[in-house]
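Input: a single structure, listed below in structure tokens.
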Amino acid sequence: MEKIDWKNLKFGYIPTDYNVRCHYANGEWSDIEETRDEMIPIHMAASCLHYGQEAFEGLKAFRCPDGKVRIFRMEDNAKRLQSTCRALVMPEISTERFCEMAKRVVKLNAKFIPPYESGAALYLRPLLIGTTPDVGVKPAKEYSFIIFVTPVGPYFKGGFAANNYVIMRQYDRAAPLGTGRYKCAGNYAGSLLAGKIAHEAGYAGEFYLDAKEKKYIDECGAANFFGIKNNTYVTPNSLSILPSITNKSLQQIALDLGLKVEQREVPEEELATFEEAGACGTAAVISPINRIDDMERGLSYQISKDGKPGPICKKLYDTYRNIQYGIEPDRYGWVTVLDITE
Ligand SMILES: Cc1ncc(COP(=O)(O)O)c(C=O)c1O
């Protein structure tokens, strides 16, 4: 194994030793396989390649100050994958099988779990693909489910910082009754252009409004949105956003910290009233928001007063990270502790 520069890891792909797989055929899942092969032998007519029968997840395992390894909320990722499976007419992976494979792939790649001090983590990427060769638009009969891992760096290299975002009025990420609330590949391909334009214009990411009325905040790139005002954590309730596990956890932490929580429609104009705001997801936990521009309307919502993350975002972030690292008590059974001594 090449020496890994733990402190300079990006959110990219570094090969590890093993991945785990199982296959579905004749209505049944096979035994779990461990393999060193990074390639998937796939038929050129496989349904995932043409009709997007692909579902995936993203979660992290951490090496903690007590020497243990913790995986965060993997049962929730299993459940979200099951909901994507139902939406895309794919066979579900049981929570038990998902968790067994997640634990196994982390243990098999223990030497790739970054040290606590680096702030980096081991990212788990479960993916499910339809593999039956066919050119007709219909669900596949065979599937492969794989979990691979790769070490990824901390999102904030220079510390927790506030970023600028832009509302993309000319693009929609997902339709209200479409697939926005599921984690399937097509949603991401469809967001690449808006993301590219936002990044080229110097923004950290793009905001989508609800596709029907273009009135309410939906999502922020591959992250959910929340705003803080009057001691309240406000986050959009929308049929076209991915139910973020980070957002769900932050809502609980906000309640525990004595904030109120409101999940409801958030009109764009309300951005002007937030004292703090953030984009949240597995990659960064919270990416605090400095300013959100609506270029087409010539509007700019300045959220941070001094360009820095606000105190509530900081407190939410610190509490969240401390739970992930086993520093604060895991009151809700979110973490799975693995005993790995390597
Ligand atoms: C579109 C989208 N929204 C939100 C999120 C955040 O979800 P989570 O907190 O489960 O990582 C993600 C990332 O997984 C995403 O891809």
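List of remarks:
- Looking only at the stretch 214-236, residues that are exposed (fewer than 15 other Cβ atoms within 10 Å of the Cβ) and either near the ligand (Cβ under 10 Å from one of its atoms) or of a type in the set (Lys, Arg) (or both) come to 2 in all.
- Hey, LEU239 surrounded by fewer than 17 Cβ atoms within 10 Å (Cβ to Cβ) and more than 16 Å from the ligand (Cβ to nearest atom) or not: no
- Residue match in the stretch 12-35 (condition: more than 23 Å from GLU75 (Cα to Cα) and surrounded by 17 or more Cβ atoms within 10 Å (Cβ to Cβ)): yes
- For the stretch 262-282, a residue qualifies if it is surrounded by fewer than 20 Cβ atoms within 10 Å (Cβ to Cβ) and within 16 Å of the ligand (Cβ to nearest atom), and exactly one does: GLN263.
- Any chance GLY326 is touching a Lys or Arg at 6+ places or on another chain (Cβ under 9 Å) and at positive phi: yes
- When the stretch 317-334 is filtered for residues that are farther than 23 Å from GLY278 by Cα and either within 18 Å of the chain's Cα centre (by Cα) or surrounded by 16 or more Cβ atoms within 10 Å (Cβ to Cβ) (or both), only GLY326 remains.
- For LYS7, the stated conditions hold: it is in contact with a Ser or Thr (Cβ under 6 Å, 6 or more places away or on another chain), farther than 30 Å from PRO139 by Cα, away from the ligand (no atom under 16 Å from the Cβ) and modelled with pLDDT under 95.
- Every pair of residues 6+ apart whose Cβ atoms lie under 7 Å, when the first sits in the stretch 225-254 and is at positive phi while the second is away from the ligand (no atom under 11 Å from the Cβ) and of a type in the set (Lys, Arg): ASN231/LYS260
- Where helices (runs of 4 or more DSSP H) sit wholly within the stretch 45-113, those with at least 2 residues that are within 16 Å of the ligand (Cβ to nearest atom), under 19 Å from the mean Cα position of the chain (by Cα) and not assigned by TED's automatic domain parsing to the domain that holds PRO243 occupy 74-87, 95-108.
Residue-by-condition table, conditions (1) among the small types (Gly, Ala, Ser); (2) within 25 Å of GLY310 (Cβ to Cβ); (3) buried (at least 23 other Cβ atoms within 10 Å of the Cβ):
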{"site": "LEU122", "(1), (2), (3)": "no, no, yes"}
{"site": "GLU142", "(1), (2), (3)": "no, no, no"}
{"site": "PHE160", "(1), (2), (3)": "no, yes, no"}
{"site": "ASP172", "(1), (2), (3)": "no, no, no"}
{"site": "GLY186", "(1), (2), (3)": "yes, no, no"}
{"site": "ILE197", "(1), (2), (3)": "no, no, no"}
{"site": "ASP210", "(1), (2), (3)": "no, no, yes"}
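- Residues that are touching a residue at least 60 places away in the same chain (Cβ under 8 Å) and within 14 Å of the ligand (Cβ to nearest atom) within the stretch 190-209 comprise GLY205, PHE207, listed in sequence order.
- Tally, over the stretch 305-342, of residues that are under 28 Å from LEU108 (Cβ atoms) and not in a loop (DSSP other than H, G, I, E, B): 9
- Filter pass, PRO176 being more than 12 Å from the ligand (Cβ to nearest atom) and buried (at least 17 other Cβ atoms within 10 Å of the Cβ): no
The values are calculated or read from the model by the stated rules, or taken from the named source; none is laboratory data. The shown structure was predicted, so the numbers you read here are calculated from the model rather than taken from an experiment. Every residue, glycine as well, gets a Cβ built from its backbone with ideal geometry; the counts of neighbours run over all protein chains shown.
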